[in-house]
Amino acid sequence: MPKDGRRPDNGDETWMRDMAEGLSRAMHREQEAPSPVAETVLECLGPERTVLDIGAGVGRFAVPLARGGISLEAVEPSPMMRQYLEGNVREAGVGDRVRIIADAWPTEAAGIAEVALAAFVLQFADDPVAFVRAMERHATRRVVVALHVDPLWGRFRDVLAPLLPPGARRAGDASFKSLLTALIEADIVPDVHIFEQVMGPRWSSLDEAESSLKRRFHQDEPGQQAALRQILEDHPEFWRTPWPVRAAILSWRPPG
């Protein structure tokens, strides 16, 4: 993540709030069905039961892990995400087990843990290999990285294409293949576990979807807003129907 503490292309504060609220909802849903990411972390822990959660967001993984008695450091650069993270930590009553670090990765403020976790944030790194090498230096037993295999917007890429300027590339759009290839070329050969998760529906109404996407894609002109409305009316499945998305968990033992 950039050292200015912001995720690339995160839009305005309202969009970041939308994202934080969506992640919080996902976290509460996963209380009923534990995430494979959290389960992998649990399998990798030793007697100390310590985790460094990099790009912790709203605490989607940090909070349930802390509920299980694990001590964590949660690194999160976004002030908006940290507000939700702090609230979720308080609500769960695990403040004594979660230390929040307001910084971007890598940071000297982080300590050493048995497991270093980066869930769905590596695609934002300017240098993914340097990112995970720093993780290795902070992990004694295992490095765990979760990535999207299928782009979150993948099935609607063509639908949403008119909203983007010609040649535009969304930040965070680095592919699973490119990231895995970069690691292998750096002599990091991880164990790979692919799993499927259901995404959405993210919005409860067409108006809510329109408002959120207008901020996401900076559709400020009347003509742009009309085009966005028409896309959503023509493709109600985009905002109304859940869809399956594959994700991957990469894990390996740090050198040394």
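The values are calculated or read from the model by the stated rules, or taken from the named source; none is laboratory data. These figures come from a predicted structure and were not determined experimentally. A quick note on method: Cβ atoms are made from the backbone with ideal geometry, for glycine too, and the neighbour counts reach across all protein chains shown.
So if I check each of 129, 121, 144, which one is farther than 15 Å from residue 56 by Cα, within 18 Å of the chain's Cα centre (by Cα) and hydrophobic (A, V, I, L, M, F, W, C)? Steps first, answer last, please.
Numbers: 121 fails: farther than 15 Å from residue 56 by Cα; 144 fails: farther than 15 Å from residue 56 by Cα.
Of 129, 121, 144, the one residue that is farther than 15 Å from residue 56 by Cα, within 18 Å of the chain's Cα centre (by Cα) and hydrophobic (A, V, I, L, M, F, W, C) is 129.
Residues in region 223-256 that are part of a strand (DSSP E or B) and either of a type outside the set (Val, Ile, Thr) or at pLDDT below 85 (or both) were compared, and the one that is farthest from the chain's Cα centre (by Cα) is 252. Taking (1) buried (at least 23 other Cβ atoms within 10 Å of the Cβ); (2) touching a strand residue (DSSP E or B) at 6+ places or on another chain (Cβ under 8 Å) in turn, residue 107 satisfies each apart from (1).
In region 113-121, is there at least one residue being surrounded by fewer than 24 Cβ atoms within 10 Å (Cβ to Cβ) and assigned to a helix (DSSP H, G or I)? Checked against the condition, which is being surrounded by fewer than 24 Cβ atoms within 10 Å (Cβ to Cβ) and assigned to a helix (DSSP H, G or I), region 113-121 yields no hits at all.
Selection of first residues in region 68-94 that are without any contact (Cβ under 8 Å) to a residue 60 or more places away in the chain and of second residues that are among the aromatic types (Phe, Trp, Tyr), restricted to Cβ pairs under 6 Å at least 6 apart or on distinct chains, gives the following pairs, ordered by first then second residue: 75/105.
Looking at this structure, is residue 65 farther than 27 Å from residue 253 by Cα, of a type in the set (A, V, I, L, M, F, W, C) and either at pLDDT 95 or above or surrounded by fewer than 20 Cβ atoms within 10 Å (Cβ to Cβ) (or both)? It is false that residue 65 is farther than 27 Å from residue 253 by Cα, of a type in the set (A, V, I, L, M, F, W, C) and either at pLDDT 95 or above or surrounded by fewer than 20 Cβ atoms within 10 Å (Cβ to Cβ) (or both). Within region 229-256, restricting attention to residues that are free of Cβ contacts under 8 Å to residues at least 60 places away in the same chain and among the basic types (Lys, Arg), the residue that is farthest from residue 160 (Cα to Cα) is 240.
Tell me, please, whether a residue that is touching a helix residue (DSSP H, G or I) at 6+ places or on another chain (Cβ under 9 Å), among the aliphatic types (A, V, I, L, M), part of a strand (DSSP E or B) and surrounded by 18 or more Cβ atoms within 10 Å (Cβ to Cβ) can be found in region 70-91. Scanning region 70-91 turns up at least one residue that is touching a helix residue (DSSP H, G or I) at 6+ places or on another chain (Cβ under 9 Å), among the aliphatic types (A, V, I, L, M), part of a strand (DSSP E or B) and surrounded by 18 or more Cβ atoms within 10 Å (Cβ to Cβ).
Among residues of region 188-222 being part of a loop (DSSP other than H, G, I, E, B) and at pLDDT 90 or above, the one that is nearest to the chain's Cα centre (by Cα) is 190.
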